[in-house]
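The values are calculated or read from the model by the stated rules, or taken from the named source; none is laboratory data. The model shown is predicted, which means the values in this text are computed figures rather than measured ones. Virtual Cβ from ideal backbone geometry, glycine too; neighbours counted across all protein chains shown. Only protein heavy atoms, including side chains, enter the accessible area calculation; ligands, DNA and RNA are left aside. Shrake-Rupley method; radii C 1.70, N 1.55, O 1.52, S 1.80 Å.
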Amino acid sequence: MKDVIYSINGPVVTVKDTSTFGMAEMVYVGNAGLIGEVISVSEARTTIQVYENTTGLLVGEPVKDTGAPLSATLGPGIMENIFDGIERPLQAIAERSGAFIATGSDVASLDEEKQWDVRITVKAGDHVRPGQVYATVQETPLIEHRCMIPPQLSGEVVAVSPEGAYRIVDEIIQVKDEAGEVHSLTLMQKWPIKQARPVSARLPISVPLITGQRIFDTLFPIAKGGTAAIPGGFGTGKTMTQHQLAKWCDADIIVYVGCGERGNEMTQALQEFSELVDPRTGKSLMDRTVLIANTSNMPVAAREASIYTGITIAEYFRDMGYSVALMADSTS
């Protein structure tokens with residue numbers, strides 16, 4: 001018997017009498033294939049949080065499992081892109097379906113047909129460890145993308161592709177782990193957005209983030225590796241302050257998450273970021289910026305997911321050795 005929707009309450013859907021789904025598993029809900037996440041499992045019912053608008057969804061429509069948690073795709077093509085909260089590329093969706101995102105839009109997070117010039121940094125016989133760079137791609141004029149051995153994988157390189165142009169889904173190297181299993185690595189990897197990427201050590205917070213705003217650097221200093229909040233009422237300049245921090249702070253990469261802002265304000269932010277000139281290089285600020293746009297008309301769960309997606313992307317570039325500034329507007 002296939003699993004079907006038993007009840008619908010806003011963005012929350014339940015499935016009755018099933019043992020198919022695991023906790024935190026990503027699922028496709030309904031005939032439209034809406035993306036959801038399992039948030040509760042019991043003998044009687046499985047509860048699913050849907051990240052898209054459930055208007056028109058009917059009881060009895062199928063729910064399909066994926067066997068994997070909600071994950072972000074990490075690889076060349078992230079920079080200069082604009083995603084929604086579950087890492088769907090808004091520009092690619094607009095080209096396919098127009099200005100309004102159709103529910104169930106199934107578009108790959110990163111362009112799987114674009115070819116990148118790849119430089120291999122390992123050779124057959126090398127022993128590699130988690131986080132080691134095995135290939136580099138010049139993603140933008142400012143950012144070199146460093147493809148890393150995934151966490152929890154180490155072993156011997158047994159095959160290496162020649163340098164040249166590759167898609168993100170093409171095999172670059174093969175690694176044999178200690179158990180003798182061979183793993184094929186491409187330019188991309190997936191990582192569960194609600195699982196923190198592991199670190200070998202936590203460094204003391206001792207280096208200041210130079211924001212470029214004298215009032216902050218003098219009275220409200222921020223440290224690299226630290227956090228800060230900008231409280232304030234409507235129209236008091238919170239968003240404009242974050243725009244200034246994004247433009248002038250001495251971080252290498254900016255990840256800007258618009259999680260719950262009004263649509264017109266987010267549109268203004270997207271237009272301004274595409275027009276901003278990086279004062280450090282004279283080039284477009286988008287060359288080192290990732291935008292995640294989730295407006296206030298999206299389900300609350302999707303706005304929450306956008307924070308996790310942004311943090312996962314920021315951690316990924318941090319692992320490459322870059323200094324990353326993550327902005328979330330607004331977490332209220």
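Here are some notes:
- Listed by position, the helices (runs of 4 or more DSSP H) contained in segment 190-280 that have at least 1 residues being closer than 12 Å to D329 by Cβ are 238-248, 263-275.
- Of residues in segment 133-145 being buried (at least 17 other Cβ atoms within 10 Å of the Cβ) and without any contact (Cβ under 8 Å) to a residue 60 or more places away in the chain, the one farthest from G164 (Cα to Cα): Y134
- Only strands (runs of 3 or more DSSP E) whose full extent lies in segment 1-119 are considered here, and the ones with at least 3 residues that are without any contact (Cβ under 8 Å) to a residue 24 or more places away in the chain are 34-41.
- Test for I307: is it in contact with a Ser or Thr (Cβ under 8 Å, 6 or more places away or on another chain), in a helix (DSSP H, G or I) and modelled with pLDDT of 90 or more: yes
- Filtered residue count, segment 285-331, keeping only those that are farther than 15 Å from W191 by Cβ, open to solvent by less than 40 Å² (accessible area, probe 1.4 Å) and of a type outside the set (A, V, I, L, M, F, W, C): 11
- Checked against (1) of a type in the set (S, T, Y); (2) surrounded by 12 or more Cβ atoms within 10 Å (Cβ to Cβ); (3) over 29 Å from G36 (Cα atoms), S206 passes all but a single condition, namely (2).
- All positions within segment 1-51 that are of a type in the set (F, W, Y) and more than 15 Å from A302 (Cα to Cα): Y6, F21
- E275 over 30 Å from I149 (Cβ atoms) and out of contact with any Gly (no Cβ under 9 Å at 6 or more places or on another chain): yes
- Residue within segment 259-275 that is in contact with a Leu (Cβ under 8 Å, 6 or more places away or on another chain) and either among the polar types (S, T, N, Q) or at pLDDT 80 or above (or both) present: no
- Qualifying residue in segment 164-182 (condition: surrounded by 12 or more Cβ atoms within 10 Å (Cβ to Cβ), more than 26 Å from K283 (Cβ to Cβ), in contact with a helix residue (DSSP H, G or I) (Cβ under 9 Å, 6 or more places away or on another chain) and basic (K, R)): no
- Filtered residues of segment 25-75 (kept if farther than 22 Å from I292 by Cβ and of a type in the set (D, E)): E25, E43, E61, D65
- Residues in segment 109-132 that are open to solvent by less than 80 Å² (accessible area, probe 1.4 Å) and in contact with a helix residue (DSSP H, G or I) (Cβ under 8 Å, 6 or more places away or on another chain): 1 in all.
- Cross-chain or 6+ apart pairs with Cβ under 7 Å, segment 238-250 first and among the acidic types (D, E), then at pLDDT 85 or above and open to solvent by less than 50 Å² (accessible area, probe 1.4 Å): D250/L209
- Boolean, A124 is assigned to a loop (DSSP other than H, G, I, E, B) and touching a strand residue (DSSP E or B) at 6+ places or on another chain (Cβ under 6 Å): yes
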